[in-house]
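Since the structure comes first, as structure tokens, the remarks are kept for the end.
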Amino acid sequence: MSKARDLANAGTALTSVSATELGYVDGVTSAIQTQIDAKLATATASSTYIPKTLTTTTGDIIYASGANTPARLGIGSTDQILKVTGGVPVWATPAGGGKVLQVVMGTTSTETTISTTTYTDTGLSATITPTSATSKILVLTSQASRATGNGIEETGLVIRLVRGSTAIFNDSNSNMNLRLQINNITATMGISAYVNYSYLDSPATTSATTYKTQGASRTSSMSAIFQTGSTQTSTMILMEIGA
């Protein structure tokens, strides 16, 4: 302790430092902080300290991977959740299958009359931008429809669903008839109803995608009217379903 006593008596600058305090660092052979860091790096969970070298990134988590064994769990990715696997915590991406990711609705109450057997836009449409190319789009449509004819045997209309410029659900699909029809008439007659249907589509894109309906009359001598008198409202709901 001679060095400690010498320092304690070296001058007025050290008069507030006792020989006992200086004795605490007696025998130090290198930078004190370096030695402390080395001690902390080998500390166990049973000690008072947690090794600072375990946390290398903001958001890291320290957990016990075993008895008295601290371990680092690196920060997960955005929207991941923490769950337990094999008795230890892990980050995981939540299951997305079957979940509704977004809902879009389109409406129209503008009357549209179609007096041709060629499919023509009814004015009803909605646009959705899928968040994933693996998502499906559930289309729910309620179309205000009226068919009128004058002295013909069959009066009716047909409807089809179009994605972009591609018909994906129409009267020609097996067991998917979207029509409003009345048969065996001999005078002017009409039939009105809301034609409701649903269709699950797989657009395989993350680009903005427009769905719309098109209608046509069953014969050229009658008319298909949608949103009659502009007092009825047709609706289309698009739901993105996670894969």
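Take the residues in the range 161-204 that are outside any strand (DSSP E or B) and at pLDDT 90 or above, then tell me which one is nearest to Thr117 (Cα to Cα). Working first, answer last.
So the first thing to find is which residues in the range 161-204 are outside any strand (DSSP E or B), and the list is 164-165, 170-178, 184-188, 202-204.
With at pLDDT 90 or above added as a condition, the list becomes 164-165, 202-204.
On the way: Gly164: 21, Ser165: 18, Ser202: 28, Pro203: 28, Ala204: 31 Å.
Once the filter is applied, the top-ranked residue is Ser165.
Scan the range 220-234 for residues that are crowded, with 18+ Cβ neighbours inside 10 Å and either β-branched (Val, Ile, Thr) or under 21 Å from Tyr197 (Cα atoms) (or both) and jot them down.
Ala224, Ile225, Phe226, Gln227, Gln232, Ser234
For the subset of the range 205-236 comprising residues that are under 29 Å from the mean Cα position of the chain (by Cα) and assigned to a strand (DSSP E or B), which member is nearest to Thr118 (Cα to Cα)?
Thr213
Going through the range 89-102 one residue at a time, which ones are touching an Asp or Glu at 6+ places or on another chain (Cβ under 8 Å) and either surrounded by 12 or more Cβ atoms within 10 Å (Cβ to Cβ) or free of Cβ contacts under 8 Å to residues at least 40 places away in the same chain (or both)?
Thr93, Pro94, Leu101, Gln102
Looking at Thr141, Thr116, Thr107, Thr127, which is the one that is of a type outside the set (A, V, I, L, M), under 30 Å from Thr228 (Cβ atoms) and more than 29 Å from the chain's Cα centre (by Cα)?
On the way: Thr141 fails: more than 29 Å from the chain's Cα centre (by Cα); Thr107 fails: more than 29 Å from the chain's Cα centre (by Cα); Thr127 fails: more than 29 Å from the chain's Cα centre (by Cα).
From the options Thr141, Thr116, Thr107, Thr127, the qualifying one is Thr116.
Filter the range 26-85 for residues that are at pLDDT below 75 and among the small types (Gly, Ala, Ser); which is nearest to the chain's Cα centre (by Cα)?
Among them, the one singled out is Ala45.
The values are calculated or read from the model by the stated rules, or taken from the named source; none is laboratory data. Bear in mind the structure is a predicted one, so any value in this text is a computation, not a measurement. Here the Cβ is made from the backbone with ideal geometry for all residues, glycine too, and neighbour counts use every protein chain on show.
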